[in-house]
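The values are calculated or read from the model by the stated rules, or taken from the named source; none is laboratory data. It should be emphasised that the depicted structure is a prediction, and the values quoted were computed from it without experimental measurement. Note that each Cβ is placed from the backbone with ideal geometry, even for glycine, and that neighbours are counted across all protein chains shown.
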Amino acid sequence: MAARIKSLPETLVNQIAAGEVVERPASALKELIENSLDAGAARVEIEIEDGGRRLLRVVDNGEGILAEDLVHALDRHATSKITSLRDLELVASLGFRGEALPSIASVSRLLLASRTADQENGTLIQVDGGVAAAPAPVGMAPGTRVEVRDLFYNTPARRKFLKAERTEFGHIDTLVKRFALARFGVEFRLTHNGKTVRHLPCAETPEAHLRRVAKLCGPAFMQHAIAVSCVEAELSLTGWIGLATFSRSQADMQYLYINGRMVRDRVVSHALRQAYSDVLYHGRHPAYVLYLEMNPGMVDVNVHPTKQEVRFRDSHRVHGFLSSGVQRALAQVTPGTPERNADTAQPARFQSPTPDHSDQSQSQAGLDLALGEPRPQYTSFSNRAAGSGWIAPAPLYEEAKGECPPLGYAVAQLHGVFIVAQNAAGMVLVDMHAAHERITYERFKTALDADGIKSQLLLVPQRISVSEQEADRVESRPELFNRMGFDVNRSGPEQIMVRAIPALLHGTDVAELMRDVCADALRVGTSERLGEAVNSLLSSMACHGSVRANRRLNTEEMNALLRDMERTERSGQCNHGRPTWVQLDMAELDRLFLRGR
C-alpha cells in the first residue's frame, strides 16, 4: 500500500530548517549577529560558554522589536525586511528569510527579550525545543537580547557531530572577525567562559579602520598591503590587498564583502586568483580584505539558506572588473611606491599606467636581449638613447646630486648573483636574474599587447566535439575568440571548426586547448587558459634571455638594471612569484650589530 502524503508537524519542519541554517554554534551566532546589525545596532556584545554549546548570548542596542511583534518573530517566514518580490530582488539587509529564530529555537532553549526606545519596559519570551511560553514584561535597556542555551540538546545525533570546545570557539572567533571587518562603525565585544577575548571599539575614522584591520589581520598584513579603490559605473571596489610576497599557504586571510555581506563566490575567487596569477608563487594564496559595492539588483543573494553564496546578473562584467582592478593595483607597486604601514596607508585610486612610446628602439632592444642575442653588457630598456649602444655611467650614492632613487646606486656585485646597492634608507639586495627576468617578461607582454595576438592558419582545419552550451558560446561570442587569435565557428549542434590558432601556440594540442578555452569561456565569460599558456611561453623566453648568475656586471650595468626595476610594473617579484629585492634599513642593520646598546 502506498504511503500517504501528509503535512509535517511544525516542530519537525523547524528542525529540518535548522539542519540547513544551524550547522554549529557559529552558524546560529551568525544569524543572531545579522539580526542585530540589521536592527541598526552600534554595539554588539557576544557571550559564549563551552564553545557556544552551553550558551550563546547576543545583546545589542538596536531599534528593538515591538511587544506585539515579539511572538511573530518566532514564526517561520515572518520578517519585517521584505514584503514583495521586488523587495527580495533589491534586498540590502543581511537577513530576510525569517527562518533563523524559529529554527534555532527548535533545537535549543531560547530566550528572546527586546525593547524599543519608546516603550517603558521590554518583553521577554522563552522557547524550549520549539514550544513557546507566554510573553512577560522585563526591565532592560532599549535593544534586543537573545540567549541560546544547550544547542542541539533535543537532537543528540546533531550534537555528537560538534567538535571540541577549542575548535568551535575558533569558528566563532573567525566569524566575529569577519563581521568586525565588515562593520567598522559597530563596537564588538566577545567573551568566552567569562573572559573577554576581543574588544573592538567603534572605528569612525580611516585611521581607526586601519588599526582595526591591523588588529584583526595582523600588523604584518598591513605592512605588506596596498590600498585599492576603483569605480566603474555601478561597481565599486575598495579595501586592501596583500603583496605577493605576503602570500599564505592556505586561503585563510581572504575577506570579501558584497554590499556589506560576507560571501564565498566562485566567480569572485577565480577573478582574484587570476589577478595574482602573474606574481604569485605556485601553490600560495593571496591575502586581502575587499569590499565590492554594486546595485542590489545586480546580485541575487537568495540562492542559499545561509546566504553566503550569491549569483551575479552579469558575472562576466564582475569578473573582469575585479580582476583588472586588482591587477592594476599590483602593477602600480614598484620600488618607487611610498612605504605602507598600518597607521598611514590610505586607499588610492589606481590609474592604468601610460606606456612611453617616445623611443621605439627601447622595446626592440628589450626583445633582442630577451631573445638571447649576444650582448657584452646589460642594456637598459628605458634609459638607452636612440642610436646609442651603451648608457652613460651613473654616479655612486655619495656622488649623486638631488634626491636618491628608491633603489639607490649599486655598490658591488656579490658572488655574481646579487647586487648590493645603497639608498637613502640603508642597503638594498637585488637578485639580478630574477629582476631582469621580470623586466624582460613585462617588455614581451607590452610588445604582444601593442600588436595583438597573431594567428596562424592550420594546414588542415580541425573539427572538434564540444558540449552544446560551449558551441553556443562560440557562436554568440565570435569576437572573444578572434581577439585571442582563434578563427573558429560552429559547424554543428555539438561541433566547432578551428581554422587558425595563436601563432605563439603553434605545435600545441589544438583539440585540448580549444576544449579548455571553451570551458573557461562558458564558465566565466572569458578564458585565462590561453593567457596562461601565452604567459608561460613568454616567461620561459624571458628566463632564458635574462642575465644569468655568475655573469659579471660593471657599475653602470648594475645601475641601469636598478633604474629599469623602478620603472617596471610588478618588479617586486619575478615571473615565478619570488621576491626580486629586499630592503635593510639602518635600524635593522644597527640591530644586527647591536649598535646603540
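So the values come out like this:
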item	result
Residue check, Thr196 at pLDDT 95 or above, β-branched (Val, Ile, Thr) and within 22 Å of His77 (Cβ to Cβ)	no
Where Ala208 falls short, out of the listed (1) part of a helix (DSSP H, G or I); (2) under 18 Å from the mean Cα position of the chain (by Cα)	(2)
Those residues of the stretch 221-248 which are small (Gly, Ala, Ser) and modelled with pLDDT under 90, in sequence order	Ala233, Ala244, Ser247
Close pairs (7 angstrom Cβ cut-off, 6 or more residues apart or separate chains): among the hydroxyl-bearing types (Ser, Thr, Tyr) in the stretch 460-473, in a strand (DSSP E or B) anywhere	Ser465/Gln495
Pairs with Cβ under 9 Å, 6+ apart, first in the stretch 193-207 and on the phi > 0 side of the Ramachandran plot, second surrounded by 13 or more Cβ atoms within 10 Å (Cβ to Cβ) and of a type in the set (Val, Ile, Thr)	Asn193/Ile48
Residue within the stretch 305-315 that is part of a helix (DSSP H, G or I) and more than 20 Å from Ala182 (Cα to Cα) present	yes
Count of residues meeting criterion [surrounded by fewer than 18 Cβ atoms within 10 Å (Cβ to Cβ) and not aliphatic (A, V, I, L, M)] in the stretch 419-444	1
Contacts under 7 angstrom Cβ, first residue in the stretch 51-65 being in a loop (DSSP other than H, G, I, E, B), partner basic (Lys, Arg) and buried (at least 20 other Cβ atoms within 10 Å of the Cβ), 6 or more apart	Gly64/Arg115
Single residue of Val303, Val289, Val279, Val299 found to be touching a strand residue (DSSP E or B) at 6+ places or on another chain (Cβ under 6 Å) and either free of Cβ contacts under 8 Å to residues at least 12 places away in the same chain or assigned by TED's automatic domain parsing to the domain that holds Val21 (or both)	Val303
Strands (runs of 3 or more DSSP E) (entirely within the stretch 119-179) containing at least 1 residues that are basic (Lys, Arg)	143-149
Condition met for Ala225 (under 15 Å from Gln327 (Cβ atoms) and not assigned by TED's automatic domain parsing to the domain that holds Ala519)	no
Candidate set: the stretch 476-491, residues that are of a type in the set (A, V, I, L, M, F, W, C) and within 18 Å of Leu448 (Cα to Cα); chosen: the one farthest from the chain's Cα centre (by Cα)	Phe486
Total residues in the stretch 44-76, condition of a type in the set (Val, Ile, Thr), in contact with a Ser or Thr (Cβ under 6 Å, 6 or more places away or on another chain) and surrounded by fewer than 20 Cβ atoms within 10 Å (Cβ to Cβ)	0
Inter-residue pairs, beta-carbon under 7 Å, first more than 14 Å from Arg273 (Cβ to Cβ) and in the stretch 315-329, second hydrophobic (A, V, I, L, M, F, W, C) and in a helix (DSSP H, G or I), 6+ apart	Ser315/Val267; Ser315/Val524; His316/Val524; Val318/Val267
Any hit, the stretch 444-456, residues being closer than 30 Å to Met497 by Cα and either part of a strand (DSSP E or B) or not assigned by TED's automatic domain parsing to the domain that holds Met565 (or both)	yes
Output for the stretch 313-323, where each listed residue is within 17 Å of the chain's Cα centre (by Cα) and within 19 Å of Met262 (Cα to Cα)	Ser315, Val318, His319, Phe321, Leu322, Ser323
Unique match (being out of contact with any Pro (no Cβ under 6 Å at 6 or more places or on another chain), among the acidic types (Asp, Glu) and at pLDDT 95 or above) among Asp128, Asp173, Asp150	Asp173
Ser36 vs. criteria modelled with pLDDT under 90 and among the small types (Gly, Ala, Ser)	no
Residues within the stretch 253-262 that are under 11 Å from the mean Cα position of the chain (by Cα) and assigned to a loop (DSSP other than H, G, I, E, B), tallied	1
Residues (out of contact with any Asp or Glu (no Cβ under 6 Å at 6 or more places or on another chain), more than 17 Å from Thr334 (Cβ to Cβ) and not in a loop (DSSP other than H, G, I, E, B)) located in the stretch 221-241	Phe221, Met222, Gln223, Ser229, Cys230, Val231, Glu232, Leu235, Leu237, Thr238, Gly239, Trp240
Per-region count, the stretch 249-270, residues modelled with pLDDT under 90, more than 14 Å from Val310 (Cα to Cα) and crowded, with 19+ Cβ neighbours inside 10 Å	0
Residue ID - modelled with the lowest pLDDT, chosen from residues in the stretch 569-597 that are charged (D, E, K, R) and assigned to a loop (DSSP other than H, G, I, E, B)	Arg597
Those residues of the stretch 457-502 which are in contact with a helix residue (DSSP H, G or I) (Cβ under 7 Å, 6 or more places away or on another chain), assigned to a helix (DSSP H, G or I) and surrounded by 14 or more Cβ atoms within 10 Å (Cβ to Cβ), in sequence order	Glu470, Arg473, Val474, Leu480, Phe481
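Conditions (1) closer than 30 Å to Arg211 by Cβ; (2) basic (Lys, Arg); (3) in contact (Cβ under 8 Å) with a residue 24 or more places away in the chain, marked per residue:
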| site | (1), (2), (3) |
| --- | --- |
| Leu111 | no, no, yes |
| Gly130 | no, no, yes |
| His171 | yes, no, yes |
| Lys177 | yes, yes, yes |
